[in-house]
Amino acid sequence: RETGVMASLRRLLDLPVTSYYLVFICVLALIGFGLIMVLSASSITAYRAGEGSSFSVFNRQGIYAIIGVTVMIALSYAPVNWFKKAAPIIFIGALALQTLPLIPGLGHEVQGNAGWIRIGGFQGQPAEFTKVALAIWLATFFAHKATKLTSLKELMPAIIGLAAVLGLVLAGRD
(Lines give C-alpha, C1' and ligand atoms only; values in the text may rest on other atoms or scores of the structure.)
Protein backbone atom coordinates (compact mmCIF):
# COMPACT_ATOMS: atom_id res chain seq x y z
CA ARG A 1 0.00 0.00 0.00
CA GLU A 2 1.28 3.44 -0.98
CA THR A 3 2.00 6.09 1.61
CA GLY A 4 2.81 9.75 1.42
CA VAL A 5 1.28 12.81 -0.16
CA MET A 6 0.73 11.30 -3.62
CA ALA A 7 -1.07 8.28 -2.16
CA SER A 8 -3.31 10.55 -0.09
CA LEU A 9 -4.06 12.67 -3.14
CA ARG A 10 -4.83 9.57 -5.22
CA ARG A 11 -7.24 8.28 -2.55
CA LEU A 12 -8.91 11.68 -2.40
CA LEU A 13 -9.33 11.83 -6.18
CA ASP A 14 -10.77 8.31 -6.23
CA LEU A 15 -13.72 9.29 -4.01
CA PRO A 16 -17.07 9.37 -5.86
CA VAL A 17 -17.83 12.96 -4.75
CA THR A 18 -14.49 14.42 -5.83
CA SER A 19 -15.70 15.43 -9.30
CA TYR A 20 -18.71 17.18 -7.73
CA TYR A 21 -16.50 19.26 -5.45
CA LEU A 22 -14.00 20.00 -8.23
CA VAL A 23 -16.78 21.35 -10.45
CA PHE A 24 -18.27 23.28 -7.52
CA ILE A 25 -14.90 24.89 -6.71
CA CYS A 26 -14.35 25.78 -10.37
CA VAL A 27 -17.81 27.37 -10.58
CA LEU A 28 -17.16 29.43 -7.44
CA ALA A 29 -13.77 30.52 -8.80
CA LEU A 30 -15.35 31.60 -12.12
CA ILE A 31 -18.09 33.50 -10.28
CA GLY A 32 -15.49 35.24 -8.12
CA PHE A 33 -13.38 36.11 -11.15
CA GLY A 34 -16.46 37.39 -12.98
CA LEU A 35 -17.45 39.59 -10.05
CA ILE A 36 -13.94 41.05 -9.93
CA MET A 37 -14.17 41.82 -13.65
CA VAL A 38 -17.60 43.44 -13.18
CA LEU A 39 -16.20 45.61 -10.38
CA SER A 40 -13.16 46.53 -12.45
CA ALA A 41 -15.22 47.40 -15.53
CA SER A 42 -18.10 49.22 -13.84
CA SER A 43 -16.84 51.03 -10.74
CA ILE A 44 -15.85 54.28 -12.47
CA THR A 45 -18.85 54.41 -14.80
CA ALA A 46 -21.25 53.67 -11.93
CA TYR A 47 -19.71 56.44 -9.86
CA ARG A 48 -19.85 58.92 -12.77
CA ALA A 49 -23.45 57.96 -13.55
CA GLY A 50 -24.40 59.05 -10.04
CA GLU A 51 -25.59 55.65 -8.84
CA GLY A 52 -24.46 56.59 -5.34
CA SER A 53 -21.68 54.08 -5.11
CA SER A 54 -19.00 52.70 -7.36
CA PHE A 55 -20.00 49.28 -6.02
CA SER A 56 -23.67 49.47 -7.14
CA VAL A 57 -23.31 47.28 -10.25
CA PHE A 58 -20.99 44.90 -8.38
CA ASN A 59 -23.49 44.61 -5.50
CA ARG A 60 -26.35 43.86 -7.90
CA GLN A 61 -24.29 41.17 -9.67
CA GLY A 62 -23.23 39.79 -6.29
CA ILE A 63 -26.88 39.34 -5.32
CA TYR A 64 -27.53 37.51 -8.60
CA ALA A 65 -24.48 35.32 -7.94
CA ILE A 66 -25.74 34.42 -4.46
CA ILE A 67 -29.16 33.54 -5.89
CA GLY A 68 -27.53 31.46 -8.63
CA VAL A 69 -25.28 29.53 -6.24
CA THR A 70 -28.26 28.89 -3.95
CA VAL A 71 -30.31 27.51 -6.86
CA MET A 72 -27.31 25.45 -8.02
CA ILE A 73 -26.89 23.88 -4.58
CA ALA A 74 -30.63 23.21 -4.28
CA LEU A 75 -30.72 21.54 -7.71
CA SER A 76 -27.70 19.42 -6.82
CA TYR A 77 -29.96 17.62 -4.34
CA ALA A 78 -32.58 16.82 -6.98
CA PRO A 79 -32.59 13.18 -8.04
CA VAL A 80 -31.18 12.42 -11.49
CA ASN A 81 -34.49 10.81 -12.49
CA TRP A 82 -36.20 14.16 -11.94
CA PHE A 83 -33.89 15.77 -14.52
CA LYS A 84 -34.48 12.87 -16.92
CA LYS A 85 -38.26 13.29 -16.68
CA ALA A 86 -38.21 17.09 -16.66
CA ALA A 87 -35.65 17.60 -19.47
CA PRO A 88 -38.13 17.63 -22.40
CA ILE A 89 -40.54 19.92 -20.52
CA ILE A 90 -37.71 22.28 -19.53
CA PHE A 91 -36.43 22.33 -23.11
CA ILE A 92 -39.84 23.01 -24.68
CA GLY A 93 -40.46 25.71 -22.05
CA ALA A 94 -37.11 27.30 -22.90
CA LEU A 95 -37.97 27.30 -26.61
CA ALA A 96 -41.30 28.96 -25.81
CA LEU A 97 -39.55 31.50 -23.60
CA GLN A 98 -37.02 32.16 -26.36
CA THR A 99 -39.87 33.17 -28.72
CA LEU A 100 -41.04 35.95 -26.36
CA PRO A 101 -38.49 38.55 -27.56
CA LEU A 102 -39.86 38.11 -31.08
CA ILE A 103 -43.34 39.22 -29.96
CA PRO A 104 -43.87 42.98 -30.42
CA GLY A 105 -44.35 44.66 -27.06
CA LEU A 106 -42.53 41.97 -25.06
CA GLY A 107 -39.25 42.09 -26.95
CA HIS A 108 -36.81 44.76 -25.88
CA GLU A 109 -33.55 45.87 -27.49
CA VAL A 110 -30.45 46.49 -25.40
CA GLN A 111 -27.38 47.81 -27.24
CA GLY A 112 -28.44 46.29 -30.57
CA ASN A 113 -29.46 42.95 -29.07
CA ALA A 114 -33.19 42.36 -29.49
CA GLY A 115 -33.13 39.14 -27.46
CA TRP A 116 -34.35 40.74 -24.24
CA ILE A 117 -37.81 40.74 -22.67
CA ARG A 118 -39.26 43.26 -20.30
CA ILE A 119 -42.34 42.32 -18.29
CA GLY A 120 -43.24 44.75 -15.53
CA GLY A 121 -40.08 45.53 -13.59
CA PHE A 122 -38.31 42.38 -14.81
CA GLN A 123 -35.86 42.48 -17.70
CA GLY A 124 -33.83 39.52 -18.87
CA GLN A 125 -32.52 37.39 -21.70
CA PRO A 126 -34.36 34.12 -22.23
CA ALA A 127 -31.22 32.83 -23.97
CA GLU A 128 -29.57 32.46 -20.55
CA PHE A 129 -32.27 30.02 -19.42
CA THR A 130 -32.24 28.35 -22.84
CA LYS A 131 -28.51 27.54 -22.53
CA VAL A 132 -29.10 25.66 -19.28
CA ALA A 133 -32.21 23.92 -20.67
CA LEU A 134 -30.28 22.86 -23.78
CA ALA A 135 -27.47 21.43 -21.65
CA ILE A 136 -29.94 19.44 -19.51
CA TRP A 137 -31.87 18.16 -22.53
CA LEU A 138 -28.75 17.20 -24.53
CA ALA A 139 -27.21 15.47 -21.50
CA THR A 140 -30.38 13.45 -21.05
CA PHE A 141 -30.57 12.71 -24.77
CA PHE A 142 -26.97 11.49 -25.01
CA ALA A 143 -27.19 9.50 -21.76
CA HIS A 144 -30.25 7.71 -23.11
CA LYS A 145 -28.74 7.13 -26.57
CA ALA A 146 -25.17 6.38 -25.47
CA THR A 147 -25.06 2.87 -26.92
CA LYS A 148 -27.37 3.58 -29.86
CA LEU A 149 -25.44 6.38 -31.61
CA THR A 150 -24.31 4.45 -34.66
CA SER A 151 -25.56 6.75 -37.41
CA LEU A 152 -26.37 10.37 -38.17
CA LYS A 153 -30.05 9.41 -38.09
CA GLU A 154 -29.77 8.75 -34.35
CA LEU A 155 -28.37 12.26 -33.83
CA MET A 156 -31.16 14.04 -35.73
CA PRO A 157 -33.30 14.95 -32.67
CA ALA A 158 -30.27 16.61 -31.05
CA ILE A 159 -29.33 18.40 -34.28
CA ILE A 160 -32.91 19.63 -34.79
CA GLY A 161 -33.16 20.80 -31.15
CA LEU A 162 -29.84 22.62 -31.41
CA ALA A 163 -30.86 24.20 -34.72
CA ALA A 164 -34.15 25.39 -33.18
CA VAL A 165 -32.31 27.05 -30.31
CA LEU A 166 -29.73 28.64 -32.60
CA GLY A 167 -32.43 29.88 -34.96
CA LEU A 168 -34.40 31.53 -32.17
CA VAL A 169 -31.32 33.08 -30.57
CA LEU A 170 -30.11 34.43 -33.91
CA ALA A 171 -33.60 35.78 -34.68
CA GLY A 172 -33.17 37.97 -31.59
CA ARG A 173 -29.76 39.15 -32.87
CA ASP A 174 -28.07 37.83 -29.72
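Annotations for the structure displayed:
- Among (1) β-branched (Val, Ile, Thr); (2) out of contact with any helix residue (DSSP H, G or I) (no Cβ under 9 Å at 6 or more places or on another chain); (3) over 22 Å from Met37 (Cβ atoms) - the single one Thr99 does not satisfy: (2)
- Pair list, Cβ < 8 Å and 6+ apart or interchain, from segment 63-85 residues that are without any contact (Cβ under 8 Å) to a residue 40 or more places away in the chain to residues that are open to solvent by less than 100 Å² (accessible area, probe 1.4 Å): Ala65/Ile31; Ala65/Gly34; Ala65/Leu35; Gly68/Ile31
- Search result, residues across segment 138-151 that are of a type in the set (Phe, Trp, Tyr) and open to solvent by less than 40 Å² (accessible area, probe 1.4 Å): Phe141
- Test: residue in segment 38-51 that is modelled with pLDDT under 90, among the aromatic types (Phe, Trp, Tyr) and within 30 Å of Gln123 (Cα to Cα): yes
- Qualifying residue in segment 93-116 (condition: touching a strand residue (DSSP E or B) at 6+ places or on another chain (Cβ under 9 Å), within 28 Å of Phe24 (Cα to Cα) and of a type in the set (Gly, Ala, Ser)): no
- Number of the condition not met by Lys153 [criteria: (1) assigned to a helix (DSSP H, G or I); (2) within 18 Å of the chain's Cα centre (by Cα); (3) of a type outside the set (Ser, Thr, Tyr)]: (2)
- Residue check, Gly62 open to solvent by less than 80 Å² (accessible area, probe 1.4 Å) and part of a helix (DSSP H, G or I): yes
- Leu9 passes every criterion in (1) part of a helix (DSSP H, G or I); (2) surrounded by 11 or more Cβ atoms within 10 Å (Cβ to Cβ) apart from (2).
- Under the condition of being among the polar types (S, T, N, Q) and open to solvent by 60 Å² or more (accessible area, probe 1.4 Å), the residues counted in segment 12-38 number 1.
The values are calculated or read from the model by the stated rules, or taken from the named source; none is laboratory data. Bear in mind the structure is a predicted one, so any value in this text is a computation, not a measurement. Positions of Cβ are generated from backbone atoms using ideal geometry, with glycine treated the same way; all protein chains shown enter the neighbour counts. Protein only, heavy atoms only, side chains kept; ligands, DNA and RNA dropped before computing areas. Shrake-Rupley method; radii C 1.70, N 1.55, O 1.52, S 1.80 Å.
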